[in-house]
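The values are calculated or read from the model by the stated rules, or taken from the named source; none is laboratory data. Here the structure is a predicted model, which is why all the values come from computation and not from measurement. For neighbour counting, all protein chains shown are included, and Cβ atoms are generated from backbone atoms with ideal geometry for every residue, glycine included. Areas reflect the complete protein model, heavy atoms only, side chains present, ligands, DNA and RNA absent. Shrake-Rupley method; radii C 1.70, N 1.55, O 1.52, S 1.80 Å.
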Amino acid sequence: MNNLDNRTAIRRSLALALLMAIVAGPTLAQGPAQFSKGLKPAPTGQTSNFIQFSLGVPSVDGSAAQYMQRHRVPDALWGGIEELHLERFVGERGILLVDGRAIPGNDDYRVKVALDVPDVGYARVGLENFKVRYDGAGGYFVPLDRQFTPADQELAIDRGTTFIEAGLRKPDLPKLTVRFARMFRDGTKPSLSWGDSRDLDDLGTRNISPSFWVSDDSRNTLTADVEHTFGKTDVSIGASLESGEADNSLNIWRRPGESSERFLTDRETIKSDALSVHAGTVTQLGEGLSLATRFIHQTAENEYGGNRIYGATFGAAFDAGFPNGQRRDHGFLDIDGVADRTMTSVGAELRMRKGDFTVVPAIRYETMNRDGEVKVTDTNVQSDGSVTLTPLRNSGNRDLTDVTGSLEVRFTGIDNLTLYTRGEYIDRSGSIFEQEVETETSSVEFSRETDDTRSSYRVLGGFNWHPSTMVRVNGQAYRKLRSVTYDHFENADGPLTYPGFLQSQDYTTDDANIQIRLRPDARVTLSARLDVRRTINEGTADGLDTFESAEITSRALTGTVAFKPNAQSFIRAQVSSSRNRFVTPINELTGDAADIVLEARSDYLNASVSAGAAVSEKASVEARLFYFEADNFIDNSDVGHPYAISAEEQGVTLGGSYEVRPGMTTSVRFYHFLNRDGTFGGTQDYDLNAVFLSLGYRF
C-alpha cells in the first residue's frame, strides 16, 4: 500500500470513528476527565464529554505560499471538529476515552481511543494525519529585482502516525508495555541547495534558482518494555525493532531559461532495519544511597540505491547524448550500497545524599563501529560534450570509543539557597578509513586513513536563591573545552588533501545565564533573563601556524511584566532581543575577495502585549499585539549573494467568548497580520485579515 492509499484509509477510519463517537455521545455515563479550553469543567464525579467546532475565514493579500508556511493553514475557508472528547465507564472501574480532531480543509485529522482499567492494564489505538506547508520560491537577486519561482510554489508534506499500545498493570506482577507505531512522510518541501543562473545581465553567476525535495518515507517501530521490583532493586528490560523505507530526491533547476537549462534529479533510496536492546537497574543500597546501571546495544543495517541524473525534465532517464550537458556535470548511476552500524554502551551512577550534600559520580563506556561499501557508475561530462562512465567501488570504516566520567555536587545547607556544580570529562579515540577503487582497472582513485583523539572538559556551576515569595534568582555558568587531534596517513596519490591537512582543532565555549523574578505585589510579576555565550575555534594545519577559524558570540535578553488587578482581568507584556555573530578570517579578506563571505548575523527583536477581562459571568474579551523585527541584511550582490534576513511582522488579535447557555460556549477572534521581508525584495510580503469562530458544547 503506497502513502496515498495510507492517507485515504486513515481519513476514512478517522471519519468513521468520529461519527460513531458523536452518535454514541448522548448515551455516555458520568465520570471525571479533562475539559476543553473555553468550556467550564464538569462537576466532580461526572464525565466530561465535549465537542468543539472551529471555522477559519482568511483573506490574504500578497504571497499565499509564504502565509501558509508561516501559519500552517490554507489560504481558503477551513473548518471542522477542532476537539472531541468522550468518556464512558466500562465495568466497575474501567473507563473508555475517545479523543478526536477532524478539519478537512486543513487536512488535519486525529483520533485516539483508550481503555484504562486500574490495577489491570490499558489499551490504546490512534491515528493522526496533518499537513506541513512550505514556500517553494528561490532566491532573490537585488540589482535586477529578479526571482525564479517554480510552476507550483505552494509545497507541502503530509505526515501521519498510526499506533497501538497495550500495558499490563497487575499489582505484584511485572509491568509490561508493548507498542507498535507506523509513521510516514510524503510530499514536497523546498531546499536551500539552489541552482545557478547566469541570466543576470553580465553580473556573473548566482545560485538563486529554486530547488525542492520529493519525499516518500515510512518507518515501523515495535517496542516492548518490562519493569519489576526485586527487593530493593528496580529492574527494567526492553527491546525495539525498527524498519523503514525512504525514497527521496533533491531536484535542482539549473540555468533556468538559458540555452544550457537542465534539471538535476539526485535520488536516494534507503531500506533500513535496526534492533536495540536495553536494561537498567536502580538499587537502594541504604538511606540516601542508590546505584543505577544502564546497558544499551544497537545494531542497524541499511541498503542504499539511487542515481544523480541531468535531463530535460525532473526524473528523466539517463541519456549520454543529452544536448544541454555542460562540462563537469557530475552524476552517478545504479547505486548499490550497504552499511552496518553497531553501538554498545554501559554506564553506572552512584547517588549519595548525606545531610545537606548530594554527590553523584557517574561513568559511561561506549563503542561504535560503522562499515559500508557502495558500487556505482560515475558519470561526467567532458569539455567536448562527451560523457565518461566509470564504475567505482567505495568502502569505508569508522571506529569510535568513548569514556565519559562526571561528578555532580549539590548543597542545600543555607536557607532558601541551593548551590550546585558539575564536572564532565569525555575521552574519545577513533579511526576512519576510506578508499575508492576503479573496478575495471583496480586502480586506487582515493585512499585515506586517519586516527583521531578527542577530549572534552565541561565545568558548570549554578545557584537557585529564593529568599522570599517576592524574589527568586537563578544563575548558571559553564566553560567547555574540546580538543581534537588528527594523525593522517597520506593519500594513495601522494600529498594530503582536504581535510587531510588539518592537524588539530580546539574549541573553547563560555556560557552564562541569570534569571530574576520579582513579585513586589500580589498583582504584579516582573521577570528578566540574560543569556550570553562565546565560542572560539582554533586550529593547526600542515604548513600553517595556529589560526583562529571562527568566533561565535550570542546574547539574548528577555523581560516580562504581568499585572493582574483582580480575578477577572490581566495584562501581560514581554520583550526579547537577541544578538548573534559568526566571524571567520575570510570576513576580513580584502581586494577581489572582499565581502564575498560576510560576517553571519542573527539579530532580532520580539515584543508582545496581551490583555483580557471577564466582562460578565458569561462573557470575556481578550486582545494581543505582536511585533517582530530582524535587521541583518547587507547587500553584497555585486560580488556574492546576500542571505541575511531583513524582516518585520506585526499582528493584532481581538476576540471574545460567550456562554450561550450552560454547557455551550462560542467565541470569535479577529486577526490582522502583516509580513514584510526585505531579503526577498517584497516577493514574500503579505497582509492577512482573518476571522476565527468556534462553538463548544459539553454534554
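Numbers below:
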read-out: Only one of T265, T269, T313 that is under 30 Å from V387 (Cβ atoms), modelled with pLDDT of 95 or more, among the polar types (S, T, N, Q) and outside any strand (DSSP E or B); value: T313
read-out: Pick from segment 439-474, criterion in contact with a strand residue (DSSP E or B) (Cβ under 8 Å, 6 or more places away or on another chain), assigned to a loop (DSSP other than H, G, I, E, B) and not β-branched (V, I, T), ranking: nearest to T377 (Cα to Cα); value: E440
read-out: Selected residue (criterion: farthest from D506 (Cα to Cα)) from residues of segment 436-449 that are among the hydroxyl-bearing types (S, T, Y) and at pLDDT 90 or above; value: T441
read-out: Single residue of S59, S54 found to be closer than 21 Å to D158 by Cβ, touching a strand residue (DSSP E or B) at 6+ places or on another chain (Cβ under 9 Å) and either open to solvent by less than 60 Å² (accessible area, probe 1.4 Å) or outside any helix (DSSP H, G or I) (or both); value: S54
read-out: Considering residues of segment 196-218 that are without any contact (Cβ under 8 Å) to a residue 40 or more places away in the chain and of a type outside the set (D, E) only, the residue least open to solvent (accessible area, probe 1.4 Å); value: G204
read-out: Options D378, D384, D402: the member that is in a loop (DSSP other than H, G, I, E, B) and either at pLDDT below 95 or under 36 Å from the mean Cα position of the chain (by Cα) (or both); value: D384
read-out: Filter result for A512 (closer than 20 Å to T584 by Cα, assigned to a strand (DSSP E or B), among the aliphatic types (A, V, I, L, M) and out of contact with any Leu (no Cβ under 6 Å at 6 or more places or on another chain)); value: no
read-out: Candidate set: segment 521-537, residues that are in a strand (DSSP E or B) and open to solvent by 80 Å² or more (accessible area, probe 1.4 Å); chosen: the one farthest from P585 (Cα to Cα); value: R529
read-out: Leading residue by the ranking (modelled with the highest pLDDT) among those in segment 572-596 that are β-branched (V, I, T) and under 18 Å from D631 (Cα atoms); value: V575
read-out: Near pairs, Cβ below 9 angstrom, 6+ apart or cross-chain, from segment 353-381 (on the phi > 0 side of the Ramachandran plot) to any residue that is assigned to a loop (DSSP other than H, G, I, E, B); value: G355/G288
read-out: Yes/no for N491 being open to solvent by less than 60 Å² (accessible area, probe 1.4 Å) and either farther than 30 Å from V575 by Cβ or modelled with pLDDT under 90 (or both); value: yes
read-out: Condition broken by K480, with the remaining ones in (1) at pLDDT 95 or above; (2) open to solvent by 70 Å² or more (accessible area, probe 1.4 Å); (3) more than 30 Å from I552 (Cβ to Cβ) satisfied; value: (3)
read-out: Hits in segment 581-619 - residues which are surrounded by fewer than 13 Cβ atoms within 10 Å (Cβ to Cβ) and part of a helix (DSSP H, G or I); value: P585, E588, G591, D592, A593
read-out: Verdict on E622 being among the acidic types (D, E), outside any strand (DSSP E or B) and closer than 30 Å to S657 by Cα; value: no
read-out: Residue pairs meeting the criteria (Cβ under 6 Å; at least 6 apart or on separate chains; first at positive phi, in segment 677-699; second buried (at least 20 other Cβ atoms within 10 Å of the Cβ)); value: G681/Y140
read-out: Residue in segment 621-630 that is at pLDDT below 95, open to solvent by 40 Å² or more (accessible area, probe 1.4 Å) and of a type in the set (K, R) present; value: no
read-out: Residue that is assigned to a strand (DSSP E or B), in contact with a Ser or Thr (Cβ under 6 Å, 6 or more places away or on another chain) and closer than 29 Å to A137 by Cβ, where the choices are S240, S276, S249; value: S249
read-out: Boolean, D152 is under 26 Å from the mean Cα position of the chain (by Cα), open to solvent by 50 Å² or more (accessible area, probe 1.4 Å), of a type outside the set (G, A, S) and under 30 Å from R198 (Cβ atoms); value: yes
read-out: Per-region count, segment 155-182, residues open to solvent by 70 Å² or more (accessible area, probe 1.4 Å), part of a strand (DSSP E or B) and out of contact with any Leu (no Cβ under 9 Å at 6 or more places or on another chain); value: 2
read-out: Filter pass, A348 being within 30 Å of S290 (Cα to Cα) and out of contact with any Pro (no Cβ under 6 Å at 6 or more places or on another chain); value: yes
read-out: Hey, F130 in a strand (DSSP E or B), under 30 Å from A279 (Cα atoms) and modelled with pLDDT of 95 or more or not; value: no
read-out: Scan of segment 653-699 for residues that are in a strand (DSSP E or B), out of contact with any Leu (no Cβ under 6 Å at 6 or more places or on another chain), hydrophobic (A, V, I, L, M, F, W, C) and within 30 Å of L84 (Cα to Cα), ordered by number; value: L654, V660, M664, L688, A690, V691, F692, L695
read-out: Test result for I103, crowded, with 20+ Cβ neighbours inside 10 Å and either touching a helix residue (DSSP H, G or I) at 6+ places or on another chain (Cβ under 9 Å) or modelled with pLDDT of 95 or more (or both); value: yes
read-out: Of residues in segment 421-431 being open to solvent by 40 Å² or more (accessible area, probe 1.4 Å) and not charged (D, E, K, R), the one nearest to D356 (Cα to Cα); value: T421
read-out: V437 being buried (at least 16 other Cβ atoms within 10 Å of the Cβ) and of a type outside the set (D, E, K, R); value: yes
read-out: Residues being open to solvent by 60 Å² or more (accessible area, probe 1.4 Å) and among the aliphatic types (A, V, I, L, M) - total across segment 347-372; value: 2
read-out: Tally, over segment 82-97, of residues that are open to solvent by 20 Å² or more (accessible area, probe 1.4 Å) and touching a residue at least 12 places away in the same chain (Cβ under 8 Å); value: 10
read-out: Answer from T390, T377 - the residue that is surrounded by fewer than 17 Cβ atoms within 10 Å (Cβ to Cβ) and hydroxyl-bearing (S, T, Y); value: T390
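Every residue, every condition in (1) of a type outside the set (V, I, T); (2) open to solvent by 70 Å² or more (accessible area, probe 1.4 Å); (3) free of Cβ contacts under 8 Å to residues at least 40 places away in the same chain; (4) farther than 22 Å from A65 by Cα, yes or no:
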site: D638; (1), (2), (3), (4): yes, yes, no, yes
site: I645; (1), (2), (3), (4): no, yes, no, no
site: E648; (1), (2), (3), (4): yes, no, yes, no
site: R661; (1), (2), (3), (4): yes, yes, yes, yes
